[in-house]
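*Asks:* Supplied in structure tokens, the structure appears directly below.
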Amino acid sequence: MRLRAAALVLVVVLVAIGLWPTTTRQGVDYAVVERRVPLYQKGWAFVDRHRKTRALADSLIGESLDPSETVRRLFDWTHSAIAPVPPGAPVVDDHVWHTILRRYGAEDQAADVFATLLVYAGIPATVYLARHPESGARIALTSFRLQDEWHLADVRRGHLFRTSEGHLATIDDLSSADESMGDGVYRVLLETPDVLGSPYVSFFSRLHAVGDPPVLRGELQMPGPRLRFEVARLFGRAPPVGWASVPEE
């Protein structure tokens, strides 16, 4: 009898927790809309997105054992799959997986998709906002770490930067690029059309090292890291989460 009563209490508690009201946010044309959903629905959607993102990353990586080849495969897919926002279409910002399903997104969303897929492949990555030194305009790149060095890629413009020797270019390579690099990254920077009214190369004049972000945004799409983060946030100890960007002067 006591066992049945305890089981009944447990069921009631679990149902109450599952029906606990939570909020989810969606940005449409840069206006954020909130809606209330029960906790079980939000949790199920989270796990479902994680499962599908993991499956996609695994299918794209295939048999690759070389981290550089993994980067290339994920980059090529993201560049071809995530198109710019079509004219007249809304800019929708909610979850990375939804950007993948829509097959289009703003520049920072494409960079975020690439970064998230890299994180699922075990490669630390984050969105990197490079700022023009005079106008303050920003472009969204993706930074990723291989062998203790951080590299950059521009998914939207199709640049997986490489040196003249064919190696993936580091942030140091890009920030110090000049004519001496021959047909490597400097030529790519010079030949890319102007962005936001400024020469593309000018956005790379003040790059800085990324370091190791305390929490990668891509990790928060995974149940384990997300649970640890939420527990830390509950106790006011959550580390900052954000994108790497060129600091203001």
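The values are calculated or read from the model by the stated rules, or taken from the named source; none is laboratory data. Remember, predicted model here, so these are calculated numbers, not experimental data. Heads up, the Cβs are rebuilt from the backbone with ideal geometry, glycines too, and the neighbour counts pull from every protein chain shown. For accessibility, only protein heavy atoms count, side chains too; no ligands or nucleic acids. Shrake-Rupley method; radii C 1.70, N 1.55, O 1.52, S 1.80 Å.
*Asks:* Just one of (1) at pLDDT below 80; (2) among the charged types (D, E, K, R); (3) out of contact with any strand residue (DSSP E or B) (no Cβ under 6 Å at 6 or more places or on another chain) trips up Arg25, so point out which.
*Replies:* (3)
*Asks:* Hey, among the residues in region 191-213 that are of a type in the set (D, E, K, R) and touching a strand residue (DSSP E or B) at 6+ places or on another chain (Cβ under 9 Å), which one's surrounded by the most Cβ atoms within 10 Å (Cβ to Cβ)?
*Replies:* Among residues in region 191-213 that are of a type in the set (D, E, K, R) and touching a strand residue (DSSP E or B) at 6+ places or on another chain (Cβ under 9 Å), the one surrounded by the most Cβ atoms within 10 Å (Cβ to Cβ) is Arg206.
*Asks:* Continuing with the same structure: If a residue must be open to solvent by less than 50 Å² (accessible area, probe 1.4 Å) and touching a residue at least 40 places away in the same chain (Cβ under 8 Å), how many such residues does region 61-76 contain?
*Replies:* 6
*Asks:* Inspect all residues belonging to region 166-183 and state whether any of them is modelled with pLDDT of 85 or more and either touching an Asp or Glu at 6+ places or on another chain (Cβ under 7 Å) or over 28 Å from Ser80 (Cα atoms) (or both).
*Replies:* Yes: region 166-183 contains one or more residues that are modelled with pLDDT of 85 or more and either touching an Asp or Glu at 6+ places or on another chain (Cβ under 7 Å) or over 28 Å from Ser80 (Cα atoms) (or both).
*Asks:* While we're here: Can you tell me which residue among Val119, Val96 is open to solvent by 10 Å² or more (accessible area, probe 1.4 Å) and in contact with a Gly (Cβ under 6 Å, 6 or more places away or on another chain)?
*Replies:* Val119
*Asks:* Does region 214-236 hold any residues that are open to solvent by 40 Å² or more (accessible area, probe 1.4 Å) and free of Cβ contacts under 8 Å to residues at least 12 places away in the same chain, and which are they?
*Replies:* Answer for region 214-236, where residues must be open to solvent by 40 Å² or more (accessible area, probe 1.4 Å) and free of Cβ contacts under 8 Å to residues at least 12 places away in the same chain: Leu227, Arg228, Glu230, Val231, Arg233, Leu234, Phe235, Gly236.
*Asks:* Also: Looking at region 135-153, which of the residues that are modelled with pLDDT of 90 or more, more than 14 Å from Pro213 (Cα to Cα) and not hydrophobic (A, V, I, L, M, F, W, C) is surrounded by the fewest Cβ atoms within 10 Å (Cβ to Cβ)?
*Replies:* Across region 135-153, the extreme among qualifying residues is Arg138.
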